[in-house]
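As structure tokens, the structure follows; a few thoughts come after it.
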Amino acid sequence: MFIDKPDPLAPRGGTETPERIFFSRRRWLQVAGLGAGAAALGGGYRAWRASSGGEDAQVLAAGKWSSAAEAKYKDFYPARRDERFAYDRDETPAVAAARYTNFYEFSRYKWCWKYVGPFEPDPWTISIAGLCRNPLKLDLEQFHRQFRAEWVERQYRQRCVARWGMAVPWTGIPLTAVLRAADTLAGATHIRFVSFSRPSQAAHQAVSGDFPWPYTEGLTIAEAMNELSLLAFGVYGRPLLKQHGAPIRLVVPWKYGYKSIKSIERIELIDYEPATFWSTLNPAAYPFESNVDPNVPRPWNQSSERMLGSDQRLPTQKFNGYGEWVAALYERS
């Protein structure tokens, strides 16, 4: 796929990273070196600085739900802190994390907060089906209450393949709790996650018919059962802002951010490796596993990352620093 058309929804006067470099299925292997990718990233970041705009209060307010919807879930916050996890760096300011996000349903650019207003995260239904003995289909409030005992806040580092990172406190439930409730069958080897398709509410879905909507992602069962895998309902002690993937998203902090699918509607237990949104567009750049690893070539050199808010530059750690939790999953016999 060759994505080189200007975004009709994007602010005028700036451009992001050239998408012919970042997305092209046919030409990615022909891109002229990692240095060119790094230079493109720098230009994209400067363009974002110039074009993102908005006062801090405006950025945060843009992603809030209706007052009535948020009132239904206020008693679930704050959740108890899981003290096993810590950032080892400063927490990213909430407004910095809200201003600079990837959410392709709304825009190809980082200022997604400008376009999420029409999106309605409540009412919402989540289904868990496929190779399980106890399929579940719950509305958002039912989901909250059924798994209330599992609610937890975790301080996780998050890493994007485009070399920026953040450290934020997610509120949610371990994915393992949902899989236990569904009573997964022994034949299930993978999980497929499916997001929404609402072109009337998501502006970029309406104008990008060549993308494989709805957004999909996947994990192996072993990855899904890992203690780190979290279904998040909140961030910074309140319900997820729309640009963060309201009302429910996956967080797998040892993988690049595109694996942490937003606004999930379906969780399917299956016996094969599923195609995913980005691996369909460019399998060489976005393989199924996609663990953070500074030694594996990507569209940009992965040796370091820039933290949102502080602009601190830090060296990239394999598995994003979570090797003690996940390295055993990838030991080859």
What nm distance separates the two modelled labels at Lys72 and Ser127, each placed 7 Å from Cα along Cα→Cβ? 1.9 nm
Can you give the FRET efficiency for Gln312 and Ala61, using 1/(1 + (r/R0)^6), R0 = 25 Å, r = Cβ-Cβ distance, to the nearest 0.05? 0.35
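So if we plug the beta-carbon distance of Asn134 and Glu273 into 1/(1 + (r/R0)^6) with R0 = 22 Å, what FRET efficiency do we get, rounded to 0.05? Spell out each step's value before the answer.
Details: r = 24 Å, r/R0 = 1.10.
Computed FRET efficiency for Asn134 and Glu273 comes out at 0.35.
With r defined as the distance between the Cβ atoms of Glu289 and Ala186 and R0 fixed at 25 Å, what FRET efficiency is calculated, to the nearest 0.05? Could the numbers behind the result be given before it?
Details: r = 23 Å, r/R0 = 0.91.
Efficiency, from the Cβ-Cβ distance: 0.65.
Using a 1.4 angstrom probe on the protein heavy atoms only, line up Lys255, Lys114 by accessible area, largest first.
Lys114, Lys255
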If you average 1/r over every pair of different alpha-carbon atoms in segment 73-168 and take one over that average, what Kirkwood value in Å do you get? 16.5 Å
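Quick check on my link table: of Lys64/Lys114; Lys242/Lys318; Lys259/Lys318; Lys72/Lys262; Lys114/Lys259; Lys64/Lys262, which ones sit more than 18 Å apart, alpha carbon to alpha carbon?
Beyond 18 Å between Cα atoms: Lys242/Lys318; Lys72/Lys262; Lys114/Lys259.
Pop out the carbon and sulfur fraction of the accessible area of segment 98-205 as a percent, whole number, probe 1.4 Å. Could you put the intermediate results ahead of the total?
Working: 1650 of 3430 Å².
That fraction is 48 percent.
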Need the list of aspartates and glutamates near Lys255 for cross-linking: C-alpha distance under 15 angstrom, and skip anything on the same chain fewer than eight residues off. Glu217, Glu223, Glu227, Glu289, Asp293, Glu305, Glu324
Measure out, as a whole number of angstrom, how far apart the alpha-carbon centroids of segment 285-305 and segment 106-164 sit. 25 Å
Gain in span if fully extended, Ala149 to Tyr330, counting 0.36 nm per residue against the direct Cα distance: 62.1 nm
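Tell me whether segment 243-317 comes out rounded, prolate or oblate; compute the Cα gyration tensor, take square roots of the eigenvalues as a ≥ b ≥ c, and use a/c under 1.5 as the rounded threshold. List each step's numbers first, then the result.
On the way: a/c = 2.45, a/b = 1.36, b/c = 1.80.
Cα axes put segment 243-317 in the oblate bin.
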Rounded to the nearest 10 Å², the accessible area of Arg99 using a 1.4 Å probe with every protein chain kept is 40 Å²
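The values are calculated or read from the model by the stated rules, or taken from the named source; none is laboratory data. Quick caveat, the model's predicted, so the values are computed rather than measured. In this analysis, Cβ positions are derived from the backbone assuming ideal geometry, glycine residues included, and neighbour counts consider all displayed protein chains. Note: accessible area is taken over every heavy atom of the protein model, side chains too, but ligands, DNA and RNA are not part of it. Shrake-Rupley method; radii C 1.70, N 1.55, O 1.52, S 1.80 Å.
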